[in-house]
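Contents: one structure, followed by commentary.
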Amino acid sequence: MKELKIPLIKNGSVIDHITSGNAVKVLHILGIPKGTSSVVSVAMNVNSKMGKKDIVKVENRELDPQEVDKIALIAPKATINIIRNYKVAKKHKVELPDEVIGLLSCSNPTCVSNAKEPVKSRFMVVCKDPPKIKCYYCEREPEDIADRII
Amino acid sequence: MSFFLIKMDFKGRDIISIRDFSKKEIDHILNYANKMIPYAKGKKYEAKLKGKVLSSLFFEPSTRTRLSFETAMNRLGGRVIGFADPSGTSQKKGESLADTIRMANSYSDAIVIRHHQEGAARLAAEFADVPVVNAGDGAGHHPTQCLLDLFTIRAEKKGIKNKNIVLVGDLKYGRTVHSLAHALALYGAQLTFVSPVTLKMPIEVINDCKELGVEPLQTVSLDKAVKEADVLYVTRIQKERFPDPGEYNRVVGSYKINIELLKEAKKNIIVMHPLPRVTEIDPEVDKTPHAIYFKQAFNGVPVRMALLSLILGGKL
């Protein structure tokens with residue numbers, strides 16, 4: 001078996017195939033290190049069959065689907081492995097849903113979704129890979145999705 | 001009355017963006033509007049919307065859009081409630097748009113809204129069971145203006161396909177031209193966009209036209225563009241949309257349509273403007289046969305009559 005650059009984890013999540021250079025943004029989306037005492041390992045620019053990639057391992061934390069959706073916005077080829085007792089208990093490739101609700105703020109300051117209205121932000125996914133989204137309300141397409149994550 | 005027979009079901013439908021409509025649906029509305037003309041002029045009368053109430057919620061100033069909606073409703077025997085200035089409403093006390101819409105929804109059969117925030121009409125539609133008509137949402141959409149513009153071009157130029165249509169002025173912030181560019185591309189018009197560099201048509205609109213098979217020309221020179229134009233659609237540089245007053249001062253007065261300029265154009269060119277105009281069209285042009293803008297403004301009545309009839313299910 002090929003030796004890993006970062007150690008295996010007993011329980012937690014491994015996010016693999018992150019677009020090279022985006023691991024730090026993934027950590028930002030996951031709110032790490034704030035609010036968690038989990039051990040986090042990051043490997044960047046790791047060689048793989050499909051070129052360079054980043055990997056993030058988060059111990060003792062299983063990602064929930066909403067977090068997975070958020071990751072797909074900036075790492076559309078990522079896979080999530082849920083590890084239990086050193087074994088892969090669940091594995092799936094992230095995929096953006098057709099709509100992303102409540103995860104991002106609109107880049108348009110005069111969009112009604114940025115006003116104090118009782119609605120969550122809502123974006124239609126125009127393209128899944130590379131991710132391209134459009135505000136349901138004002139139809140503006142944010143250029144840097146990572147910057148818009150709430 | 002045969003013209004009141006409705007072949008497509010628009011009842012209860014929101015009118016938020018022209019993009020929500022197919023060409024066939026737009027044609028249907030325009031054909032229906034054409035038959036409304038004698039009713040819009042008061043030469044015929046049918047109280048087909050008697051008993052119906054329209055909420056007219058104008059959070060931003062308006063002359064033509066608001067008055068023509070009110071006229072349209074009145075000409076069909078309906079009634080209008082609402083406001084032309086939000087300063088007298090609970091919005092001043094901090095009420096959300098959503099709550100204002102909930103109220104209008106419970107008082108009326110349809111809602112017309114103009115608001116300064118983009119997406120406001122779409123939000124309103126989420127909180128209303130009755131149909132919502134977007135009368136302008138910030139720099140977003142103004143679908144009924146778009147419909148009356150199409151109606152006018154179709155009537156004056158006997159069609160839209162392959163007509164050379166020049167849009168000039170503030171193409172960045174002007175909501176009218178965004179909707180119109182899409183619709184004109186849908187009809188296969190040849191498009192030229194003339195604006196100062198800082199007020200160019202947004203890339204999303206250009207891409208939208210390309211997807212519809214139309215490759216718009218972009219230029220800062222009106223003199224060249226006007227020579228081949230069948231339609232010259234002029235817009236105001238809208239001071240209220242500029243985040244930076246300095247940017248406004250640099251571009252205001254960039255283009256002026258006057259008789260001298262029109263001498264270089266085709267003899268049958270028509271000049272359109274969604275109004276209000278400030279200095280961009282010389283009043284001398286008003287007297288020429290090229291000036292269509294007042295007729296265009298009137299066309300708002302039959303078009304809005306048609307729309308209101310359709311969405312209220314007017315078994316007309």
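Here, each number is a calculation from the coordinates, and none is a lab measurement. Bear in mind the structure is a predicted one, so any value in this text is a computation, not a measurement. Virtual Cβ from ideal backbone geometry, glycine too; neighbours counted across all protein chains shown.
Going residue by residue through the stretch A:102-121, is there one that turns out to be in a strand (DSSP E or B), touching a residue at least 40 places away in the same chain (Cβ under 8 Å), hydroxyl-bearing (Ser, Thr, Tyr) and away from every other protein chain (no Cβ under 12 Å)? No, there is no match, as no residue in the stretch A:102-121 is in a strand (DSSP E or B), touching a residue at least 40 places away in the same chain (Cβ under 8 Å), hydroxyl-bearing (Ser, Thr, Tyr) and away from every other protein chain (no Cβ under 12 Å).
Condition check ((1) more than 14 Å from chain A (Cβ to nearest Cβ); (2) on the phi > 0 side of the Ramachandran plot; (3) in contact with a Phe, Trp or Tyr (Cβ under 7 Å, 6 or more places away or on another chain); (4) outside any loop (DSSP other than H, G, I, E, B)) across all residues:
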site	(1), (2), (3), (4)
B:172	no, no, no, no
B:188	yes, yes, no, no
B:192	yes, no, no, yes
B:209	yes, no, no, yes
B:215	yes, no, no, no
B:236	yes, no, no, no
B:248	yes, no, yes, yes
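Taken together, the residues in the stretch B:201-244 that are in contact with a His (Cβ under 6 Å, 6 or more places away or on another chain) and acidic (Asp, Glu) amount to 1.
Listed by position, the strands (runs of 3 or more DSSP E) enclosed by the stretch B:62-137 that each have at least 1 residues that are within 13 Å of another protein chain (Cβ to nearest Cβ) and on the phi < 0 side of the Ramachandran plot are B:110-115, B:132-137. Residue-level analysis places residue A:91 outside the set of residues that are among the basic types (Lys, Arg), in contact with a Pro (Cβ under 7 Å, 6 or more places away or on another chain) and more than 10 Å from chain B (Cβ to nearest Cβ). Selection within the stretch A:54-87: residues that are free of Cβ contacts under 8 Å to residues at least 60 places away in the same chain and surrounded by fewer than 15 Cβ atoms within 10 Å (Cβ to Cβ). The member of this set that is nearest to residue A:141 (Cα to Cα) is A:66. Selection of first residues in the stretch A:125-150 that are without any contact (Cβ under 8 Å) to a residue 12 or more places away in the chain and facing chain B (nearest Cβ under 10 Å) and of second residues that are loosely packed, with under 15 Cβ neighbours inside 10 Å and of a type outside the set (A, V, I, L, M, F, W, C), restricted to Cβ pairs under 8 Å at least 6 apart or on distinct chains, gives the following pairs, ordered by first then second residue: A:139/B:204.
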